[in-house]
Amino acid sequence: MAPSCSPINSLHVAVIGAGAAGLVAARELRRESHSVVVFERNTEVGGLWVYTPQSEPDPLSLDPNRTVVHSSVYDSLRTNLPRECMGYSDFPFVPRPEHDESRDPRRYPTHREVLAYLRDFAREFKLVEMVRFGTEVVRVEQDGRKWKIRSRNSDGVSRDEIFDSVVVCNGHYTEPRVAQIPGIDLWPGKQLHSHNYRVPDPFKDQVVVVIGNFASGSDISRDLTGVAKEVHIAARSKPSETYEKLTGADNLWLHPMIETARKDGSIVFKNGKVVQADTIVHCTGYIYHFPFLNTNGYITVEDNCVGPLYKHVFPPALAPGLSFIGLPWMTLLFTLFELQSKWVAAVLSGRVTLPSEDKMMEDTNALYAKRDANGFPKRYTHRLGVVGQAEYLNWIADQIGEPPVEQWRNKELEDGYVRLATQSDTFRDKWDDDHLIVEAYEDFLRQKLISAIPSQIFG
């Protein structure tokens, strides 16, 4: 609905998580005159971008009582999309400062550069003062028309507080999804999820099967080729006859999915090929997980569909007191975080109104019906895709009176995904869309977001 002329409400709002979503949520909520407390279980901002060499004692991360390591970043990780399309609208992700050798000016920088950007963002907008570090949210539940949060600090001391609203920004890269493989219980080799992969060294001279061929699967496979004897990728999306030696390494093969694992240590692929493997690495994604959230069964996670949620953000019966930032994927994530945050902040202040609960449920059910009619599984509910993400982001922008997402930004996403799929070994260092880089930086200059095009951009 269009922005309303109602008096502005100033609410007491809890934000769960101080990663890329939680930081911009805190900023937008404060801009809308709300008082904000951000709960962050780590000791610094950055969320998933905070690298640690530590991994979990359970390599598949299936033990519910395990010690959880919240980072899924591996040492060699670089971004999947160009930096200029990744940043927030008024704080572009450009190389800065120009002469700091600790920074990575490349178009596809390392995870360390993304973390440095988020630290810069938090510093620029004075966000850290809102964050309670070392504080984990252990329970969220309704208390009349308000919300009660129980948190626990690093000393183990618990505390209950009441908020008008809770914004969930806890990310979804901690609870792994693992492939189901016939015969795996008798297979004698090692298994781990990419969540626990950090460096290739432990796999020296091994034969490794990597399940998954999207971003992390492709990255980790190529990371392993430098030390492993052989690396075999099992890709669910490939036809059963697939058998391809991939370019860029002499020990890397692409297969369809695994048919079975045998107790003699062999892995049989659907193309009939058999390898004696030492380790399987599951690069099979993650599941949404909200162990702290108690809604008496109203919000469920079924086959990775969180629902019911109006436009992936508001549960109709609990809106606007409870909201979720950052669930959709295959999109411009930081742009998504920012626009969703602006929408939530404006709804809470009364500047923008939501439809009735019935109308929101009707819209949500229509989304599910469309998904089913198109033959997509439930786990694709929050997958936006190149076309869908532009429509979705522009819809939110229209709700809050913001301009649509820049065409160059959408085009960089589209071209970036094509390169990732077709030239996985070179896409971060070779491209043919310099005109989009120029358009982006001219846009930043025109808005006075930068004073000059950094010298590192075109050498």
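By how many degrees, 0 to 90 and rounded to 10, does the Cα axis of helix 434-446 deviate from the longest principal axis of the chain? Helix 434-446 and the main axis of the chain meet at about 20 degrees. Dipole of the chain computed with +1 at Lys/Arg Cβ and -1 at Asp/Glu Cβ about the Cα centre; of Y392, A440, G285, farthest Cα towards the positive end is G285. Remark: C-alpha extents of segment 184-282 on the principal axes read 29, 29, 23 Å, sorted largest to smallest.
Rounded to the nearest 10 degrees, the inclination of helix 357-373 to the longest alpha-carbon principal axis of the chain is 20 degrees. Placing +1 on the Cβ of every Lys and Arg and -1 on the Cβ of every Asp and Glu, with no other charges, gives the chain a dipole of roughly 580 debye about its Cα centre.
Solvent-accessible surface (1.4 Å probe) assigned to F133 amounts to roughly 70 Å². Taking all protein chains together and rolling a 1.4 Å probe, M86 ends up with roughly 30 Å² accessible. For the set D155, D434, solvent exposure ranked by accessible area (probe 1.4 Å, protein chains only) runs largest to smallest as D155, D434. Each residue, S33 and R150, gets one label point 7 Å from its Cα in the Cβ direction; the gap between the two is 3.5 nm. Specify whether the C-alpha gyration tensor of segment 221-360 places it in the rounded, prolate or oblate class, a ≥ b ≥ c being the square roots of the eigenvalues: rounded for a/c under 1.5, otherwise prolate if a/b is larger than b/c and oblate if not. Prolate, since a/c reaches 1.5 and a/b exceeds b/c.
The listed residues Y51, Y74 rank as Y51, Y74 when sorted by accessible area, largest first, using a 1.4 Å probe. Here's the picture: charge each Lys and Arg Cβ at +1 and each Asp and Glu Cβ at -1 in the chain, and of C305, L127, F203 the one pushed furthest to the positive end of that dipole is C305. Taking every lysine pair in segment 184-282 that is 8 or more places apart or spans two chains, those with Cα atoms closer than 19 Å amount to 11. Once all protein chains are placed together, M257 keeps about 10 Å² accessible to a 1.4 angstrom probe. For segment 269-321, the carbon plus sulfur part of the accessible surface works out to 47%, probe radius 1.4 Å. Think of each Lys and Arg Cβ as +1 and each Asp and Glu Cβ as -1; about the Cα centre, that makes the dipole of segment 112-266 roughly 300 debye.
With r defined as the distance between the Cβ atoms of D58 and A366 and R0 fixed at 51 Å, what FRET efficiency is calculated, to the nearest 0.05? It would help to have the intermediate numbers written out before the result.
Values: r = 40 Å, r/R0 = 0.79.
The computed FRET efficiency comes out at 0.80.
Annotation: for a label point projected 7 angstrom from Cα along Cα→Cβ of R262, residues of segment 153-188 with backbone N closer than 17 Å are 182-188. Taking the 0 to 90 degree range and rounding to the nearest ten, how far is the long axis of helix 111-124 tilted relative to the main principal axis of the chain, both from C-alpha atoms? Its long axis makes an angle of about 10 degrees. A Förster distance of 25 Å, applied to the separation of the beta-carbon atoms of D433 and S455, puts the FRET efficiency at 0.80. Taking all protein chains together, R428, R139 sort by accessible area into R139, R428, largest first [probe 1.4 Å].
Using the average count of surrounding beta-carbon atoms within 10 Å as a protection proxy, the listed peptides 372-379, 30-37, 270-277, 58-65 rank, highest first, as 30-37, 270-277, 58-65, 372-379.
Dipole magnitude for segment 208-286: about 180 debye, using +1 per Lys or Arg Cβ and -1 per Asp or Glu Cβ, origin at the Cα centre.
Please compute the per residue accessible area over the chain with all protein chains in place, 1.4 Å probe, rounded to a whole number of Å². Mind dumping the intermediate values first?
Values: 20480 Å² over 459 residues.
Using a 1.4 Å probe on heavy atoms only, each residue of the chain averages 45 Å².
The values are calculated or read from the model by the stated rules, or taken from the named source; none is laboratory data. For clarity, every value in this text was computed on a predicted model and none was experimentally measured. Heads up, the Cβs are rebuilt from the backbone with ideal geometry, glycines too, and the neighbour counts pull from every protein chain shown. These area figures cover heavy atoms from the full protein model, side chains too; ligands, DNA and RNA do not enter into them. Shrake-Rupley method; radii C 1.70, N 1.55, O 1.52, S 1.80 Å.
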